[in-house]
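Here's the structure, in structure tokens; my notes come after.
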Amino acid sequence: MDVQLTIGEFSKMTYLSVKALRHYHDVGLLEPVAVDPATGYRRYAASQVGTAQAIRRFRDVDMPIDEVRQVLRATDDVVRQQVIVEHLERLRRQLEQTQLSVASLQALLADPRPARADVELRAVPALTVLSRSRAITFEDETGWLADALTGLRADAVAAGFDVTGPDGALFSDELFELGEGEVVAFVPVAAGTPGAAELPATNVAVLVHEGPPSELDQAYGALGTIIAERGIGGPGPVREHYLTASSTEVCWPVAIGTRP
């Protein structure tokens, strides 16, 4: 016969607080074997200890409750393993991002001044592009942009269009100022390409950022400082050109007729 335990006893045996156990019951993740209808006291079976300990470990590595539920309810070992592996892969990517952020912060603390950099003043001609746009938040920008550019490249290849330059994106002032605004992803194509749009000609100050995208803010800081010092800022969205996986041109609009 399976021994029944009070919620306090079960809490001690599983390292899960009474509050956590009540929450897991409420969301249907770990239900007690019995609830006294008069007092509401919960009782758990000794056979549930292993499940509770597994839940605690999954939650310790920030697995969402819905995914923990998937693992616990999976009748197929392959499905269960896939959910766990996918979560661990997300943790690995988060760890990499954290390590990059720590290294970047250490460098910034060592020298908080914006780096002086070579800036090129460039007249960018009108550009024929395949594009997608969306009003998004800063938090969603990276994922949406990567998917949009991948989709545009795939569309161009499938249609046999000539791609004439590196992928890029336009970032509206609202995105920076309000945390949400329009982002335009684009892939340059030959003039006359069916379904293509045209980006207008513009004058920009260009700084090439060599390094991970997570440190692009340093390029923005350096470029913005130089533009502010020279008083040459102009209207229009900031443009980025993705030359390689680790090389990005940041193109800041400037007033017509300025000199570097």
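The values are calculated or read from the model by the stated rules, or taken from the named source; none is laboratory data. Because the structure is a prediction, the values reported are computed rather than measured. Glycine also receives a Cβ, built like all others from the backbone with ideal geometry; neighbour counts cover every protein chain displayed.
Among the residues of the range 60-72, which ones are touching a helix residue (DSSP H, G or I) at 6+ places or on another chain (Cβ under 9 Å) and within 12 Å of I84 (Cα to Cα)?
V61, D62, M63, P64, E67, V68, Q70, V71, L72
Under 24 Å from the mean Cα position of the chain (by Cα) and at pLDDT below 95: is that true of E240 in this structure?
Against the criterion (under 24 Å from the mean Cα position of the chain (by Cα) and at pLDDT below 95), E240 does not qualify.
Does any residue of the range 22-45 turn out to be surrounded by 15 or more Cβ atoms within 10 Å (Cβ to Cβ), small (G, A, S) and touching an Asp or Glu at 6+ places or on another chain (Cβ under 8 Å)?
Within the range 22-45, one or more residues are surrounded by 15 or more Cβ atoms within 10 Å (Cβ to Cβ), small (G, A, S) and touching an Asp or Glu at 6+ places or on another chain (Cβ under 8 Å).
How about the range 27-57: which of its residues are in a helix (DSSP H, G or I) and touching a residue at least 24 places away in the same chain (Cβ under 8 Å)?
Result: A46, S47, Q48, V49, A52, Q53, I55, R56.
Filter the range 247-257 for residues that are modelled with pLDDT of 90 or more and out of contact with any helix residue (DSSP H, G or I) (no Cβ under 7 Å at 6 or more places or on another chain); which is farthest from V119 (Cα to Cα)?
Applying the filter and picking the extreme gives S247.
If you check V61 against the conditions, is it under 30 Å from P213 (Cα atoms) and surrounded by 15 or more Cβ atoms within 10 Å (Cβ to Cβ)?
Judged against the criteria, V61 is not a match.
Residues in the range 66-93 that are assigned to a helix (DSSP H, G or I) and either touching a Phe, Trp or Tyr at 6+ places or on another chain (Cβ under 6 Å) or hydroxyl-bearing (S, T, Y) (or both): how many?
1
Any idea how many residues of the range 10-26 are of a type outside the set (K, R), in a helix (DSSP H, G or I) and within 19 Å of D66 (Cβ to Cβ)?
Qualifying residue count for the region: 6.
Restricting to the range 145-155, count the residues that are free of Cβ contacts under 8 Å to residues at least 12 places away in the same chain and under 16 Å from V189 (Cα atoms).
Result for the range 145-155: 2.
Select from the range 58-76 the residues that are of a type in the set (K, R) and without any contact (Cβ under 8 Å) to a residue 40 or more places away in the chain and list them in ascending order.
R59, R73 - these are the residues of the range 58-76 that are of a type in the set (K, R) and without any contact (Cβ under 8 Å) to a residue 40 or more places away in the chain.
Each row is one residue, and each column tells you yes or no for (1) touching a Gly at 6+ places or on another chain (Cβ under 6 Å); (2) free of Cβ contacts under 8 Å to residues at least 40 places away in the same chain.
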| site | (1), (2) |
| --- | --- |
| F138 | yes, no |
| G143 | no, yes |
| V157 | no, yes |
| D167 | no, no |
| L175 | yes, yes |
| E182 | no, no |
| A191 | no, no |
| V204 | no, no |
| Y220 | no, yes |
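From the set of residues in the range 116-146 that are of a type in the set (V, I, T) and modelled with pLDDT of 95 or more, which is nearest to P166 (Cα to Cα)?
Across the range 116-146, the extreme among qualifying residues is V129.
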